[in-house]
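First up is the structure itself, then whatever we jot down about it.
The values are calculated or read from the model by the stated rules, or taken from the named source; none is laboratory data. Everything quoted here is computed from the prediction, not taken from an experiment. Cβ placement follows ideal geometry from the backbone for every residue including glycine, while neighbour counts extend to all protein chains displayed. Accessible surface areas use protein heavy atoms only, side chains included; no ligands, DNA or RNA. Shrake-Rupley method; radii C 1.70, N 1.55, O 1.52, S 1.80 Å.
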Amino acid sequence: MQNSVISYPRIGALRELKFAVEKYFKQTSSKEELFELAKNLRKRHWQSQKEAGIDFISCNDFSFYDNILDTANIFGVVAKRYKELNLDSLDEYFAQARGYQGDKGDVRALAMKKWFNTNYHYLVPECDDVSLIKLNHSKILNEYKEAKELGIEAKVVISGLFTFYKLINFANDGLKNEALSKLKQCYIELLTKLNKEGVKWLQFDEPYLVYDLSSADIALFKDIYTDLLSKKANVKILLQTYFGDVRDIYDDLLKLEFDAIGLDFLEGKESLNLIKKGFDDKKILFAGLVNGKNIYKNNYKKTIDTVNELKKYVKNLVLNTSCSLLHSPYSIKHETKLDKKYLEYLAFAEEKLIELKELKEILSSDNFSENALFKANLELFSKENNRKNEAVFARVNALKADDYKRKPEFEQRRSIQKEALKLPILPTTTIGSFPQTSDVRSNRLAFKQQKISATQYTEFNQTKIKECIKFQEEIGLDVLVHGEFERNDMVEYFGESLDGFLFTQNGWVQSYGTRCVKPPIIWSDVSRSKPMTVAWSKFAQEQSKKPLKGMLTGPVTILNWSFPREDISTKESTLQIALAIRDEVLDLEKAGIKIIQIDEAALREKLPLRKSDWHSEYLDWAIPAFNLVHSGVRPETQIHTHMCYSEFSDIIKEIDAMDADVISFEASRSNLELLDTLKQNNFKTEVGPGVYDIHSPRVPSVDELKNTIKAILSKLPKEQIWINPDCGLKTRGEKEVIQSLKNMSEAASEIRKEL
Ligand code: GLN
Ligand code: ZN
């Protein structure tokens with residue numbers, strides 16, 4: 001049996017590419033240096049795959065920023081504004097990725113979007129001039145030849161036309177038909193070129209096929225591939241899918257002339273059942289069984305059982321990763337601080353290559369159950385690993401329907417809170433964090449490195465809190481925050497304070513471009529051994545008579561931004577985290593905090609790709625997990641939540657069912673439409689639609705803010721509205737924050753007078 005890797009990560013084991021690209025951005029290195037480093041990285045990555053004996057190694061999976069952006073440039077789907085800058089191709093590429101401001105002009109970047117159900121973000125290609133569409137395949141051929149020099153006959157990987165076309169943002173619908181037919185010509189031309197070059201395999205990535213497909217989608221796909229496949233000549237075509245199953249189009253895929261089809265047997269719930277309907281003996285099945293987006297070792301027994309099941313229906317089988325390894329960190333060999341008892345369960349990208357190699361070896365042996373590698377893996381998975389905390393387990397099991405229900409009902413609480421808090425109409429507040437200036441970060445770092453004492457660390461933060469409270473009072477905000485100076489990151493901070501999480505030194509995963517994230521690992525049952533935020537909030541509240549809002553991250557967000565466990569369900573893990581945060585909520589309340597905000601910045605992110613799964617697989621436990629966190633508070637305690645986006649018209653009922661008293665959200669562009677939807681749905685929760693965009697350093701004027709507030713007032717009753725920025729202020733500079741908040745507070749107070 002042969003094995004294959006869909007794509008390999010490119011950022012480098014120690015984020016070499018990130019640093020090189022950033023150096024180039026800062027103009028402290030040359031184009032040549034950047035190209036040289038990129039070439040060496042590609043070489044290293046191919047070599048690790050070659051050493052692991054991978055049979056199908058990809059080329060053209062490298063990218064300076066993003067693969068979809070590469071595809072757009074290969075086919076000339078580039079918005080006119082970038083062409084008009086007259087830059088060389090690399091700089092034109094980066095101008096699309098990050099915008100350009102310089103002597104040649106001033107243009108904004110392409111929009112960025114989440115890549116399916118991952119935490120990776122791609123750049124959304126824009127098409128406003130069809131005449132620019134033409135093939136430029138030099139990147140592909142260069143990489144193919146580079147691999148060849150290393151003795152690797154690489155399969156060329158590229159986004160398939162169907163998925164690519166679906167991701168393009170067209171300036172107007174009138175462009176679509178012509179663009180499609182030109183793109184089809186370009187793909188055909190590419191096939192010709194690859195044939196000439198002697199390329200043996202071409203992999204078209206078509207993850208869009210795992211969404212719910214309409215009959216128009218299916219017709220479009222068939223139309224595209226009937227044409228392309230008739231021109232494939234000697235190049236063999238692998239149609240690769242991932243992140244789900246292809247139930248809507250499986251039968252059609254079999255009828256088309258693909259040489260191989262790649263299916264995901266981990267996230268694709270229906271994949272095995274589809275295969276049981278029958279496969280095609282002339283085709284090869286690339287079976288995605290080694291997880292490309294987790295960090296845990298493969299359970300060989302499970303994998304081999306599936307392979308054996310598949311063999312009953314499939315003649316030609318290749319063992320594959322379930323998706324690109326881009327979504328997994330590089331290698332555990334750079335983890336020097338994690339104990340062996342944890343490391344032996346972990347597999348990052350490099351270790352996954354070893355798994356592919358070992359599985360191939362085991363599957364080729366006559367009696368796999370006697371194979372030493374197999375036995376070692378079996379033993380690992382049957383060993384006791386102390387991840388269970390009986391008390392936590394019992395607590396989750398004992399939960400009753402009533403525990404998820406806040407009492408009394410919303411309207412009743414609302415009047416109790418009005419009485420208790422005595423807030424003015426249009427109360428003003430912020431989302432929590434204040435600028436993380438360099439002194440704030442150095443203080444945290446010095447404490448972490450034990451260069452200063454706990455007292456010194458605390459005193460510094462207390463001074464910051466005092467200043468922050470004083471400022472908020474001076475400008476007249478109504479609900480204050482402590483500023484979150486103790487937090488590096490809204491998930492990491494809680495992960496570090498809770499029991500059950502592990503942290504890596506280099507478990508970086510590309511999030512977009514040069515930005516990587518290092519998610520914590522949920523290792524075992526989660527519990528809270530002591531309060532995590534109470535001392536800071538209490539200290540802050542003592543500085544003012546105005547109500548101070550305690551700040552917490554919600555369980556769904558903590559889970560979504562961590563690597564989840566695989567031995568228990570996500571639901572179970574989330575409920576454990578919810579109980580821990582619930583204890584914190586109750587402790588804050590006990591300490592005299594009257595308003596508590598529980599951020600669910602990532603709630604929307606993990607909505608399943610298929611709408612039919614939204615409830616059963618996600619919302620039905622995610623929303624109750626949030627309810628569990630706050631259902632124990634007194635009626636007069638006001639619960640807020642925050643979301644970093646406003647696209648929730650399709651889950652509006654569920655957001656309302658979170659049963660918070662107030663929700664703040666991002667609302668810079670699409671806001672007003674959402675407000676209409678809120679009204680139509682009788683949204684009960686009070687709302688703070690962000691009145692200005694904190695993702696830009698721009699300071700909004702009082703007049704501008706007044707207009708925004710008036711626009712909001714024209715949509716919703718004034719009693720339901722809060723005034724706040726659209727997200728936390730930690731990434732902003734102090735100067736602009738001071739001015740923007742002053743203006744916001746003034747705008748609110750002027751409007752109040754007018755009302
Ligand atoms: N309370 C957090 C902050 O203000 C929320 C951050 C977020 O929504 N991403 O920083
Ligand atoms: Zn936010």
Given the conditions (1) of a type outside the set (Val, Ile, Thr); (2) assigned to a loop (DSSP other than H, G, I, E, B); (3) away from ligand 2 (no atom under 16 Å from the Cβ), report the number of the one that ALA602 does not fulfil. (3)
Where GLN472 falls short, out of the listed (1) within 25 Å of the chain's Cα centre (by Cα); (2) within 16 Å of ligand 1 (Cβ to nearest atom): (1)
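Each row is one residue, and each column tells you yes or no for (1) over 34 Å from the mean Cα position of the chain (by Cα); (2) of a type in the set (Phe, Trp, Tyr); (3) not in a loop (DSSP other than H, G, I, E, B).
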residue: TYR342; (1), (2), (3): no, yes, yes
residue: GLU355; (1), (2), (3): no, no, yes
residue: GLU358; (1), (2), (3): no, no, yes
residue: ASP366; (1), (2), (3): yes, no, no
residue: GLU384; (1), (2), (3): no, no, no
Breaking point among (1) farther than 30 Å from VAL662 by Cβ; (2) open to solvent by less than 60 Å² (accessible area, probe 1.4 Å); (3) aromatic (Phe, Trp, Tyr), for PHE410: (1)
Of the conditions (1) without any contact (Cβ under 8 Å) to a residue 60 or more places away in the chain; (2) away from ligand 1 (no atom under 16 Å from the Cβ), PRO689 satisfies every one except a single condition; which number is it? (2)
With respect to ASP726, is the statement that it is surrounded by fewer than 20 Cβ atoms within 10 Å (Cβ to Cβ), within 13 Å of ligand 2 (Cβ to nearest atom) and closer than 22 Å to CYS468 by Cβ true? no
Selection over segment 614-666 where residues are under 17 Å from GLN597 (Cβ atoms), in a loop (DSSP other than H, G, I, E, B) and either within 16 Å of ligand 1 (Cβ to nearest atom) or at pLDDT below 95 (or both) yields a count of 5
Hey, among THR429, THR463, THR455, which residue is hydroxyl-bearing (Ser, Thr, Tyr) and under 31 Å from the mean Cα position of the chain (by Cα)? THR429
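What's the total number of residues in segment 386-400 that are open to solvent by 90 Å² or more (accessible area, probe 1.4 Å) and either farther than 30 Å from ASP661 by Cα or in a helix (DSSP H, G or I) (or both)? Show your work before the answer.
As a first pass, look at segment 386-400 and keep what is open to solvent by 90 Å² or more (accessible area, probe 1.4 Å): 386, 388, 390, 395, 397, 400.
This time we only want the ones that are either farther than 30 Å from ASP661 by Cα or in a helix (DSSP H, G or I) (or both), so: 386, 388, 390, 395, 397.
Qualifying residue count for the region: 5.
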Look at PHE170 and say whether it is open to solvent by less than 10 Å² (accessible area, probe 1.4 Å), among the hydrophobic types (A, V, I, L, M, F, W, C) and closer than 22 Å to LEU209 by Cα. no
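Quick one: which of GLU617, GLU647 is within 16 Å of ligand 2 (Cβ to nearest atom) and among the acidic types (Asp, Glu)?
Exactly one residue qualifies, and that residue is GLU647.
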When segment 557-577 is checked residue by residue, the ones that are closer than 19 Å to LEU588 by Cβ and among the hydrophobic types (A, V, I, L, M, F, W, C) are ILE558, ILE577
Can you name the residue in segment 177-225 that is touching a Ser or Thr at 6+ places or on another chain (Cβ under 6 Å) and free of Cβ contacts under 8 Å to residues at least 60 places away in the same chain and is also surrounded by the most Cβ atoms within 10 Å (Cβ to Cβ) among such residues? LEU209
Might you let me know whether segment 575-585 holds any residue that is open to solvent by 30 Å² or more (accessible area, probe 1.4 Å) and either touching a residue at least 24 places away in the same chain (Cβ under 8 Å) or within 16 Å of ligand 2 (Cβ to nearest atom) (or both)? yes
Could you grab me the full set of residues in segment 401-422 that are within 14 Å of THR637 (Cβ to Cβ) and either part of a loop (DSSP other than H, G, I, E, B) or β-branched (Val, Ile, Thr) (or both)? ARG406, LYS407, PRO408, ILE416
Which residue pairs have Cβ atoms closer than 7 Å, lie 6 or more positions apart in sequence or on different chains, and pair a first residue in segment 462-490 that is basic (Lys, Arg) with a second residue that is not in a loop (DSSP other than H, G, I, E, B)? LYS464/VAL440; LYS464/GLY483; ARG487/TYR493
Just for segment 586-601: of the residues that are crowded, with 24+ Cβ neighbours inside 10 Å and of a type in the set (D, E, K, R), which one is nearest to ligand 1 (Cβ to nearest atom)? ASP599
Where in segment 483-532 are the strands (runs of 3 or more DSSP E), entirely inside, with at least 1 residues that are among the charged types (D, E, K, R) and more than 16 Å from ligand 1 (Cβ to nearest atom)? 499-502, 521-527
Residue satisfying condition, being farther than 23 Å from LYS50 by Cβ, in a loop (DSSP other than H, G, I, E, B) and modelled with pLDDT of 95 or more, within set LEU310, LEU338, LEU285, LEU378: LEU338
Does ILE332 fit the bill of being open to solvent by 10 Å² or more (accessible area, probe 1.4 Å), in contact with a Phe, Trp or Tyr (Cβ under 7 Å, 6 or more places away or on another chain) and closer than 26 Å to PHE374 by Cα? yes
Answer yes or no: is there a residue in segment 235-251 that is on the phi > 0 side of the Ramachandran plot and surrounded by fewer than 21 Cβ atoms within 10 Å (Cβ to Cβ). no
Could you grab the pairs with beta carbons closer than 6 Å, sequence gap of 6+ or different chains, first residue in segment 372-399 and under 29 Å from TYR300 (Cβ atoms), second one of a type in the set (A, V, I, L, M) and open to solvent by less than 50 Å² (accessible area, probe 1.4 Å)? LEU373/ILE362; PHE374/ILE362
Need the failing condition index for LEU672 against (1) touching a strand residue (DSSP E or B) at 6+ places or on another chain (Cβ under 9 Å); (2) open to solvent by less than 50 Å² (accessible area, probe 1.4 Å), just the number. (2)
All conditions in (1) modelled with pLDDT of 95 or more; (2) open to solvent by 10 Å² or more (accessible area, probe 1.4 Å) are true of THR731 except (1)
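Tell me the residue from ARG610, ARG669 that is more than 16 Å from ligand 1 (Cβ to nearest atom), more than 16 Å from ARG413 (Cβ to Cβ), modelled with pLDDT under 95 and of a type in the set (Lys, Arg), please.
ARG669
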Do we find that THR118 is within 20 Å of TYR65 (Cα to Cα) and touching a residue at least 60 places away in the same chain (Cβ under 8 Å) in this structure? yes
Residue check, THR28 against (1) assigned to a loop (DSSP other than H, G, I, E, B); (2) within 30 Å of PHE286 (Cα to Cα), all met but one. Which one? (2)
Test: residue in segment 696-707 that is modelled with pLDDT under 95, within 16 Å of ligand 2 (Cβ to nearest atom) and farther than 16 Å from PHE434 by Cβ: yes
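Only one of LEU135, LEU110 is of a type outside the set (Phe, Trp, Tyr) and within 20 Å of PHE25 (Cα to Cα). Can you tell me which?
Only one candidate qualifies: LEU110.
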All but one of (1) in contact with a Lys or Arg (Cβ under 7 Å, 6 or more places away or on another chain); (2) among the charged types (D, E, K, R); (3) surrounded by fewer than 19 Cβ atoms within 10 Å (Cβ to Cβ) hold for LYS518; state the number of the condition that does not hold. (1)
